[in-house]
Amino acid sequence: MSRTMLTALTGGLLVLPGCESREPALGYSARDSAGIAIVESALPLWTGEKAWSVAAEPLVTIGAAEGPDQATLYRVRGALRLGDGRIVVANSGTDELRFYNADGSYHSAAGRAGGGPGEFDTISRLWRVADSLFVYDFQQGNRLSVFTNEGEYVRSFRLQPTSDGRIPLDAGGFAGGQVLVQVSGQRERPKDGLAFDLELFLIYSGMGEPLDTLGWFPGSEAYLLSLPGGSVAAMDRPYGLASQRAIGQNGIYFGSSETYEIGWYDNRGQLGRLIRRPVPNAPITDGERANYESERAEAYARSSPVFREVLEMVELPERKPAYGRLIVDAEDNLWVAEYERHRDAMNRWNVFDPDGRWLGAVSTPAGLMIHEIGSDYLLGVRRDEFDVEYVQLYELRRGESE
């Protein structure tokens, strides 16, 4: 993605002058530019005794390599801890919500495979709204099913196409009940070769109706090849730019990962804050390049002619994206993963407070794909060497308060 595009997406704010208030002793500066807060941090605010940490061993582990059906997990697409300590798992492999007691023992299940009320085809996402659970099923006509925290089915509805025929592709929920929806459509047909797409996001009501257009945001870098009949073969660029997003309590965080800059937008699409760290993107090492070339040779040997043609297009960038996944915790702090090529390898995070100031770094257990960060816990999924899935709960230890 070009610098021109990034500047356009942020309204030219990278070069506008504005009032500035610096706090050099704290290692960050904050200024206002045409109503946009720009917060740049060079040093973390945490000192040693205030730093956060995650326990080395899990408090709870759910899952097993062998055993009864309710003990084994497959294709987990979400996990949440409920107020009474129970853990709900969206187990897409069996098309059901699994409820486990606070100690990890099996409690009950809701849903099953099918097309009727409370049934699923393929669970894509799980989130909560107050005391309700929302389950998104893309394959079932973009249907959202609502359950109580006890697993009782309440209602379902489908995300409707927009007035110009754009179809929902992905969804996530706000705490107030509205839904963030990515819809289909390119501004222009991409050309063959390397492309950086744009993605369109809308706000939907809690009943599945389009309300407002949030805007166009950067997508990801991919290699494209036109095929007969109008279809397109595509492959994500290894180490390529990929936009990241996370829903907070009062808005959405978006970032292209081109530089260490992340924007916070309200639910009307208005940019309210830019979070920055003045650090360069890390270079791709010789070892990483060698590993990729080995992977490409293996993939080329077993691929179809079309995929081989796409592989021949691929060139690695000089540097990695500036960051990886984004997660917002229960206290509305933003966690930004240090970039790793594989998402489940992202185990070092920089934490920013709700005002955008860099607090410090936290290391999380290796291989843990985090689904939720509470006030005193992390909940995620880990796979062992045999690809068996486990949902694990870890204690989050917050440092001494000021």
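The values are calculated or read from the model by the stated rules, or taken from the named source; none is laboratory data. On a predicted model such as this, the values are computed, not experimentally measured, just so you know. Positions of Cβ are backbone-derived with ideal geometry, glycine not excepted, and every protein chain shown enters the neighbour counts. The area values use the complete protein model at the heavy-atom level, side chains included, leaving out ligands, DNA and RNA. Shrake-Rupley method; radii C 1.70, N 1.55, O 1.52, S 1.80 Å.
Here the condition is being open to solvent by 60 Å² or more (accessible area, probe 1.4 Å) and in contact with a Lys or Arg (Cβ under 9 Å, 6 or more places away or on another chain); of Y253, Y300, Y260, it holds for Y300 alone. For segment 46-65, the set of residues classified as within 14 Å of R382 (Cα to Cα), surrounded by 15 or more Cβ atoms within 10 Å (Cβ to Cβ) and of a type outside the set (A, V, I, L, M, F, W, C) consists of P58, G63, listed by residue number. Looking across D95, D103, D121, one residue alone is of a type in the set (D, E, K, R), on the phi > 0 side of the Ramachandran plot and in contact with a strand residue (DSSP E or B) (Cβ under 8 Å, 6 or more places away or on another chain). It is D95. Of the residues making up segment 151-174, those that are loosely packed, with under 14 Cβ neighbours inside 10 Å and in contact (Cβ under 8 Å) with a residue 40 or more places away in the chain number 2.
Per-residue answers, yes or no, for (1) out of contact with any His (no Cβ under 9 Å at 6 or more places or on another chain); (2) closer than 27 Å to A234 by Cα; (3) in contact (Cβ under 8 Å) with a residue 40 or more places away in the chain:
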| site | (1), (2), (3) |
| --- | --- |
| E258 | yes, yes, yes |
| R268 | yes, no, yes |
| G272 | yes, no, yes |
| R289 | yes, yes, no |
| L311 | yes, yes, yes |
| V314 | yes, yes, yes |
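In summary, G78 fulfils each of the numbered conditions (1) in contact with a Gly (Cβ under 8 Å, 6 or more places away or on another chain); (2) buried (at least 21 other Cβ atoms within 10 Å of the Cβ); (3) assigned to a strand (DSSP E or B); (4) in contact (Cβ under 8 Å) with a residue 60 or more places away in the chain with the single exception of condition (1).
Among the residues of this structure, F352 does not count as one that is touching a strand residue (DSSP E or B) at 6+ places or on another chain (Cβ under 7 Å) and without any contact (Cβ under 8 Å) to a residue 40 or more places away in the chain.
Within segment 125-155, the set of residues being of a type in the set (G, A, S) and modelled with pLDDT under 95 comprises A130, G141. G185: within 26 Å of I123 (Cα to Cα), in contact (Cβ under 8 Å) with a residue 40 or more places away in the chain, among the small types (G, A, S) and touching a Lys or Arg at 6+ places or on another chain (Cβ under 6 Å), yes or no? Taking the combined requirement at face value, the residue does not satisfy it. Within segment 102-123, the residues that satisfy the criterion of being modelled with pLDDT of 95 or more, of a type in the set (G, A, S) and outside any loop (DSSP other than H, G, I, E, B) are S108, A109, A110. Counting the residues of segment 183-231 that are loosely packed, with under 14 Cβ neighbours inside 10 Å, among the small types (G, A, S) and part of a loop (DSSP other than H, G, I, E, B) gives 2. One residue alone among F147, F99 is more than 21 Å from Y394 (Cβ to Cβ), outside any loop (DSSP other than H, G, I, E, B) and open to solvent by less than 30 Å² (accessible area, probe 1.4 Å), and that residue is F147. If the condition is being closer than 16 Å to Y265 by Cα and of a type in the set (A, V, I, L, M), then segment 212-252 contributes L214, A246, I247, I252.
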